[in-house]
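The values are calculated or read from the model by the stated rules, or taken from the named source; none is laboratory data. Here the structure is a predicted model, which is why all the values come from computation and not from measurement. FYI the Cβ positions are ideal-geometry reconstructions off the backbone, even for glycines, and counts take in every protein chain you see. These area figures cover heavy atoms from the full protein model, side chains too; ligands, DNA and RNA do not enter into them. Shrake-Rupley method; radii C 1.70, N 1.55, O 1.52, S 1.80 Å.
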Amino acid sequence: VVYGGFIFGTLSCGLSQNATTLLMARALSGTFGGLSIAMIMSIIGDIVPPERRAAGMGIVMTAFSAAAAVGVPFGLKLAQMFRWETPVFVLAGFGSVIWVIAFLRLPAVRGHLENRGEDPTRAFAELLRDSNAGRALLFMSAAVVGHFAIIPLLSPFLVGNVGLPQQDLFLVYMTGGVLTVFTAPVVGKLADSLGRRQVFACLVLVACAVTLWITLSGPLPPWVVMVQAGMFFVFASGRFITGNAIMTLAVPASRRGAFMSLSGCARDLSMGLASSIGGWIVVKEPSGRLDNFSWLGWIALASGIVSVWLASRVHVNDVRQPAGATPSTRVAEIPTIAAEF
């Protein structure tokens, strides 16, 4: 249902006739898209045992990397060759095919509903009063601000301040996306073997250093920009693999779906807050150069440090084996890739 809503919202974006309808359609697709991501994370938490949870996250999140490596450059090229609506229509069509495959092939995951028997409203209220869940939401918010403080204005900064040619901008996303396709599963396995909080802290520290390197940079050769982009995507994006694994372990399996939806709300609100802060601070000169962009690097650094501290305050409340799936589902119905987790 929610993925169908995302497809409808995406199609509505391409059919929009003015800025108001486009904004409404984008809000619709974002609403359903956020719910879809929350449900995906919940299903991973239900199916993958806690001791392999980060590895499972790493494998699934290679999809985000593949989207950055292939989807962004392909979409930009389609928009340049035809109209801006073209990649939107292509995405809606591709999503419809995926919807059919998912409807026919994905097994039901209903184990978390067994023996529940409690009022959903009361359960949700108890979740809001859960201090550990609250710390986890703050943790995710801090991690997102540390990442998205520079993301919205990164492209114009690279063009206006660093001197990257506009036509080479897609290489930034392709480089980072291709690298993270290979590194995301490795990050997940390291988190499971060495400790999620420890690996998260290391990734954040390196990501903060790379972020400052980028935001304090002047004109650079394109190859240096690609090195920066690769390191930024690998380390800055890699922390969300361990971060999401920590989030799925913060609440019991029976409340994971509601909690991951709240996590999606916190993530999206934090993205909006980070984008707004960037819009308030950064000033664009007539030449295209962005002033005060370095301030966003320091904000990202501070948020990253806070997220490391909050990660240490989130306790594990799910130490059981896959609680969301029935035995028959775990053995007989889960696709091959889930079994590999």
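From the largest down, segment 182-224 spans 40, 20, 8 angstrom on the principal axes of its Cα atoms. Relative contact order of the chain: 32 percent, from C-alpha pairs under 8 Å at least 6 residues apart in sequence. Average accessible surface for segment 225-297: 36 Å² per residue, computed with a 1.4 Å probe over protein heavy atoms with every protein chain in place.
Would you mind telling me the share, in percent, of accessible area of the chain contributed by carbon and sulfur at probe 1.4 angstrom? Before the final figure, lay out the partial values.
On the way: 11860 of 16980 Å².
Percent of accessible area from carbon and sulfur atoms in the chain: 70.
Per-peptide packing, taken as the mean over residues of other Cβ atoms within 10 Å, places 250-259, 275-284 in the sequence 250-259, 275-284 from highest down. Under a 5 Å amide H cut-off, with hydrogens placed 1.01 Å from N, Arg289 pairs with nothing among residues at least 5 apart or on other chains. From the alpha carbon centroid of segment 233-250 to that of segment 32-83 is 13 Å.
Solvent-accessible surface (1.4 Å probe) assigned to His315 amounts to roughly 100 Å². Cα centroids of segment 119-182 and segment 261-320: how far apart, whole angstrom? Cα centroid to Cα centroid, the span is 7 Å. In the chain, the longest principal axis of the Cα atoms and the axis of helix 2-15 are about 30 degrees apart. For the chain, the longest principal axis of the C-alpha atoms and the axis of helix 256-281 are separated by about 10°. For Leu164, the residues whose amide H sits under 5 Å from its own are Val159, ignoring neighbours fewer than 5 places away on the same chain, with H placed 1.01 Å from N.
Per residue, segment 1-68 exposes 46 Å² of accessible surface when a 1.4 Å probe is rolled over the protein heavy atoms with every protein chain present. What's the angle, to the nearest 10 degrees (0 to 90), between helix 120-129's Cα axis and the longest principal axis of the chain? Roughly 60 degrees between the two axes.
As a check on your grasp of the helix formula, calculate [θ] at 222 nm for the chain: sum -39500 (n - 2.57) over DSSP H runs of n ≥ 4, divide by the residue count, round to the nearest 500.
Theoretical 222 nm ellipticity from helices: -24000 deg cm²/dmol.
Each listed q (0.10, 0.11, 0.14 Å⁻¹) maps to a log10 I(q)/I(0) for the chain, found by the Debye formula over equal Cα scatterers with no solvent: -0.63, -0.77, -1.27. Taking the Cα atoms of segment 1-56, the ratio Rg/Rh between the radius of gyration and the Kirkwood radius comes to 1.23. For segment 200-271, the alpha-carbon coordinates run over 52, 23, 16 Å along the three principal axes, in decreasing order.
Calculate I(q)/I(0) for segment 211-316 by the Debye formula, one identical point scatterer on each C-alpha and no solvent, and give its log10 at q = 0.10, 0.24 Å⁻¹ to two decimals. For segment 211-316 at q = 0.10, 0.24 Å⁻¹, log10 I(q)/I(0) is -0.40, -1.42. Taking all Cα-Cα distances within segment 131-211, those exceeding 18 Å account for 59%.
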